[in-house]
């Protein structure tokens, strides 16, 4: 799992004691790079979020201050977008989980005896990664547009009101988020289910458990690390995404998410403190959710 | 592939299929089946799952097929409605100059960021597995956090830093940003390879009076190479498709995804579909050839062993 990739305690114990000078030499450039271009940016984000407009009143010029009210302003002004981001992200995560579990189960468990087929299906799952993220979202925009065969078909069957749209609605945004993040859910689920020992399932049915009971009490708990990993991998980027919800893609006037607000404040309105405070809010909320979720689901070795 | 997609790939690494080893096959215990047991009861379920899987995979491929088909569209300005089949877009990709120069920038940025990130990340991976040092857990945390931070925060953070330092944004700042988020992925990928390396091979080299440099370049490095190549390909893919972080740190410079984003409001030229389709075909060819060569190696090993 990506989220436990750095956990491996066993390797640490086995690592031989050797000159730490070489270790330092190997680590220093990369770590310095990350400090300079990952940690320092987070600090400058924090500083920027507390800045006050310049006394001269120029647009886009700010002075270092301790204007914590920026956060209050951001939350009251963009409360809708913040809530919407997490709502959309939760929905997309749930749909992606429902979509991916049977898929990952088939690839990881049922297709075990055919490694070639298994690999082929895995390639198909990650295939969307290899075509531009923006172009595949635009493809859905065309496929779901008012003139598209799908929408006109739905209207002909009276499943959709004649004046209704799909693009530009929350439905389209959640659909886009779900589609784009399905592989994030499928891959970790597959990784967990691939290791599932099917003898446990047989033991369950031998003990006259209903297949659904076996699934609920054996399969799900055994694949829990994959579910946790998949949920985090889907939820985090979905909450911060601003491509799907943007008006040129699948969103409309009422679908802006926190990412859209950060982008427009930073790059268009040059309101850096607002963008920075929203980024900090997003980061804090995500870290809090991740921590609680990981505690609850019992896999604490993620970090 | 965007940075987020790299996370998912990293999550699936370490599975037998990804490592190129045959999957553990749990042969069912054939005895002890009850005559009217679950084997018969769920005959519908037996067909439901394969059919669902096939439909799900088709669903995942729909936008790819769309992009590919519309790369052959005889479009004039915007590439939305089908106007007839043509090969012109493929033959004259650079007729749409903006697309072509954006694509060139993406390649330049991708290659540079990949080289830097792969070098730095490989060094860290070797140190993490082979040496003991203090602050180990803080370093692991520092490597993990960029992968758990939303891209919009990474992008806005770097942009705020550049703004504060008065650095003008351009291709250089894009390279700095891409290198930053690629390092962690390189570390995860190469680390898996270093851990599976038998230290006895390097000891043998030292026993035969090889200097540390000789041991590294003639034993360690060749053995790590598949992992390093995988990490480099992943880095390039991440860099090539990144839009969110690029958008914050590019200034007036354009990359291929940024071009698509800007063009989205007035219509994407079909040449963009050509480039995306070509990149897709190359990537799939790379993945499939890797799979085939891994399968061939397994067969060879099975014959020898």
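What follows draws every value from the coordinates through simple rules; no lab data is involved. These figures come from a predicted structure and were not determined experimentally. Cβ coordinates were reconstructed from backbone atoms using ideal geometry, including for glycine residues, and neighbour counts include every protein chain displayed.
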message: Which residue fluctuates most in the GNM of chain A (Cα springs below 10 Å): A:157, A:117, A:177?
response: A:157
field: residue B:266 versus residue B:54: modelled label distance in nm, points set 7 Å from Cα along the beta carbon direction
entry: 4.6 nm
Binned Cα-Cα distances of the protein assembly as shown, short to long, each 20 Å bin given as a whole percent: 18, 52, 27, 3, 0
message: Please list, by residue number, everything in the stretch A:99-122 whose backbone N is under 20 Å from a paramagnetic label point 7 Å out along Cα→Cβ of residue B:300.
response: A:116
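Given Cα pairs under 8 Å that are at least 6 residues apart, what percent is the relative contact order of the stretch A:22-67? Don't skip to the answer; put the middle values down first.
Details: 25 pairs, mean separation 12.8, N = 46.
It rounds to 28 percent for the stretch A:22-67.
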- request: Could you let me know the centre-to-centre spacing of the stretch A:123-161 and the stretch A:35-103, using Cα atoms, in angstrom?
  value: 30 Å
field: Packing-based ranking, highest mean first, of A:52-62, B:64-74, A:160-170, B:123-133 given that Cβ atoms within 10 Å are counted
entry: B:123-133, B:64-74, A:160-170, A:52-62
field: Length-normalised contact order of the stretch A:85-297 in % [C-alpha pairs under 8 Å, at least 6 apart]
entry: 27 percent
- prompt: Quick one: Cα centre-to-centre distance for the stretch B:77-104 and the stretch B:252-305, in angstrom?
  reply: 18 Å
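Within 10 Å of each Cβ in B:160-172, how many Cβ atoms from other chains are there, averaged over the peptide? Working shown, then result.
Numbers: counts 17, 11, 3, 8, 11, 2, 0, 0, 0, 0, 0, 0, 0.
Other-chain Cβ atoms within 10 Å of each residue's Cβ, averaged: 4.
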field: Hydrodynamic radius (Kirkwood) for the stretch A:85-297, which is based on Cα pairs only, to one decimal in Å
entry: 19.3 Å
statement: Length gained if residue A:267 through residue A:143 is fully extended, taking 0.36 nm per residue and subtracting the Cα-Cα distance, is 41.6 nm
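Let me know the mean shielding of B:260-273 by other chains, meaning the per-residue number of their Cβ atoms within 10 Å of its Cβ.
3
Could you state the orientation-averaged shadow area of the convex hull built on the Cα atoms of the stretch A:54-102, in nm² to one decimal? Mind showing how you got there, number by number?
Working: hull surface 21.6 nm².
The orientation-averaged projected area of the Cα hull of the stretch A:54-102 comes to 5.4 nm².
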query: Between the stretch A:218-264 and the stretch A:199-216, what is the C-alpha centre distance in whole Å?
result: 34 Å
Simple spin-label estimate for residue A:22 and residue A:47 in nanometres, 7 Å along Cα-Cβ: 3.9 nm
message: Checking a compactness column here: for the stretch A:75-176, what do you get for Rg(Cα) / (2.2 N^0.38 Å), N being the number of residues?
response: 1.41
- prompt: Computed FRET efficiency, Cβ-Cβ of residue A:224 and residue A:56, R0 56 Å: what is it to the nearest 0.05?
  reply: 0.45
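For the stretch A:22-67, report the % of Cα-Cα distances exceeding 14 Å.
Here the tail beyond 14 Å accounts for 62 percent of pairs.
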- request: Give, in whole angstrom and from largest to smallest, the semi-axes √(5λ) of the equivalent ellipsoid of the stretch B:59-170, with λ running over the eigenvalues of the Cα gyration tensor.
  value: 42, 19, 16
- prompt: What nm distance separates the two modelled labels at residue B:132 and residue A:215, each placed 7 Å from Cα along Cα→Cβ?
  reply: 4.9 nm
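Suppose R0 equals 35 Å; then what is the FRET efficiency for residue A:68 and residue B:92 from their Cβ-Cβ distance, rounded to the nearest 0.05?
FRET efficiency, residue A:68 to residue B:92: 0.05.
Residue by residue through B:62-69, how many Cβ atoms from other chains fall within 10 Å of the Cβ on average? Provide the component values of the computation, followed by the final result.
Values: counts 6, 13, 8, 2, 8, 7, 2, 1.
For peptide B:62-69, the averaged partner shielding equals 6.
Compute and list, largest first, the equivalent-ellipsoid semi-axes of the stretch A:84-127 from the alpha carbon gyration tensor, each √(5λ) rounded to a whole angstrom.
Values: eigenvalues 158, 24, 4 Å².
Listed largest to smallest, the semi-axes of the stretch A:84-127 are 28, 11, 4 Å.
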